[in-house]
Each structure stands twice: as C-alpha cells, then as structure tokens.
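Undergrad: This structure is in structure tokens; I'll ask about it shortly.
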C-alpha cells in the first residue's frame, strides 16, 4: 500500500486504470459514470488509503455541507434546549440523517448577539418551533440561506415549512379521553409565542366550549421538567382535580 500521506488522485487513477477526471467524478458523485465504474474507483481508493481534502473539495463546489439547527422554543429566555429530551432526540436524529447524506449539523444557540449566526458558512438552516415573524428566519432568508421550519409560522416569511393540524389533533385527543369516561380534562401548555403552543391552547379551549366543560388550562412560564411537575401538582391539589390530563 502507498503511504497514505502521499497518495494522490493520480495514484488512484493509475491503480484503477482510469483518468483523473473519472476518479474525481466517481468520488464526488458527479459526472455520468456507470455505477460499476464508480464502485471500482471507490474500492481502489479505499485500498490505497486515499483521503481527499474535504475542505478543498467543498470550497471548489461552493458549499460547506453544513446545516444549522435552531430551536426557538422559549426564545425569550436563555436556556439550553438540548437539555430537554425532545430536542436532544431531534438533534440526534437530524445529525444521523444528515450524516447519511454527507452533511453535518451545527447546533445554533437560541440567543446571541444580533446576526452572529450569519457569520457561519451554512448551506441551510432547520428552524424548530419558530415564533411568529421570527427575526432569525428573516435574517437567514435575507442572507440567501435556505430555511426549513417544522411549523407554519414560517409561511409569512416566505420559507418552506412542514406542519400538521394541531387544533384537530387536540380535538381528537380530547374526544378520545371523553370516550374513555373523562369529564374534567386539564391541559398544560407552554407560555411562549411558539405557534404549536398557541394552537394547542386554542384547540383545547374550543373543545371545552363546545362540550360545556370548564377549562382547566395551565401554562408553563419556563422550560424543563420542574415547571411541568409543579403544574401537575397544582392541578391535582385542586378541590376538584382533573380526571385526565393533556
């Protein structure tokens, strides 16, 4: 085997019996090559220990293959969103799927100096739980950086988004609890401007109004397990506690 520190593209081309252009196309996934040729070149490159300069390759291509991930839940407060299991799992899954496609994930803090994120060489950004008219979304879009969100709050900013009908989902949950015999269903939602919290609260209150139930809605002033447990304890300490919790 050649010294891995000295293996060059031309060495791979000679060993594989192809041109340097073919090696470049095979390793970069470009050009129009038979899959058998691509795999042959990859195997030869692996056997020689060839490692292309990833930084140089990305600079030539004009992108970094880095995607930013930012959670805007409780954006009004300084906190580390990965401390919550939901966001930690989301970040892990995003990283796994990104790596499978040759991308890396950069976790962005939910607070920081104005425009600090725009200094990062990102190919795109995934915004989780954006707030209405989120300035971070606008900053990235103005800088020409593609943005995807998991909430429809992005619609006004002109970026693509993925979402589902929260009020309908809440209604179906409430209907299920009522069908199971619940007559005093309480709900706990976050006290933030995140769209899904607002939708969840609205769906719950609308259902209560339609079914003649006195609302038992509690909001969480801060993220984390302790505020949630405190809200649950408070509800269960009521003279007439709920018989179900959403």
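Undergrad: Order these by the 10 Å Cβ neighbour count, fewest first: 6, 20.
TA: Values: 6 8, 20 14.
By the 10 Å Cβ count, ascending, the order reads 6, 20.
Undergrad: Another question about this same structure. As a footprinting exposure proxy, order 81, 103, 86 by other Cβ within 10 Å, with the fewest listed first. Write out the running numbers ahead of the final one.
TA: Numbers: 81 24, 103 17, 86 13.
Ascending number of Cβ neighbours within 10 Å: 86, 103, 81.
Undergrad: Please order 199, 163 by the number of other Cβ within 10 Å, starting at the fewest.
TA: Values: 199 21, 163 15.
In order of increasing Cβ crowding within 10 Å: 163, 199.
Undergrad: Rounded to the nearest 0.05, what FRET efficiency do residue 96 and residue 30 give with R0 = 30 Å and r taken as the Cβ-Cβ distance? Could you check? Working shown, then result.
TA: Numbers: r = 25 Å, r/R0 = 0.84.
The calculated FRET efficiency here is 0.75.
Undergrad: Multiply the residue gap between residue 180 and residue 63 by 0.36 nm, knock off their C-alpha separation, and tell me the result in nm, one decimal place.
TA: On the way: separation 117, 0.36 × 117 = 42.12 nm, distance 5.38 nm.
Going from the current span to full extension adds 36.7 nm.
Each reported figure results from applying straightforward, stated rules to the coordinates on display, with no laboratory input. Because the structure is predicted, anything quoted here is derived from the model rather than measured. For neighbour counting, all protein chains shown are included, and Cβ atoms are generated from backbone atoms with ideal geometry for every residue, glycine included.
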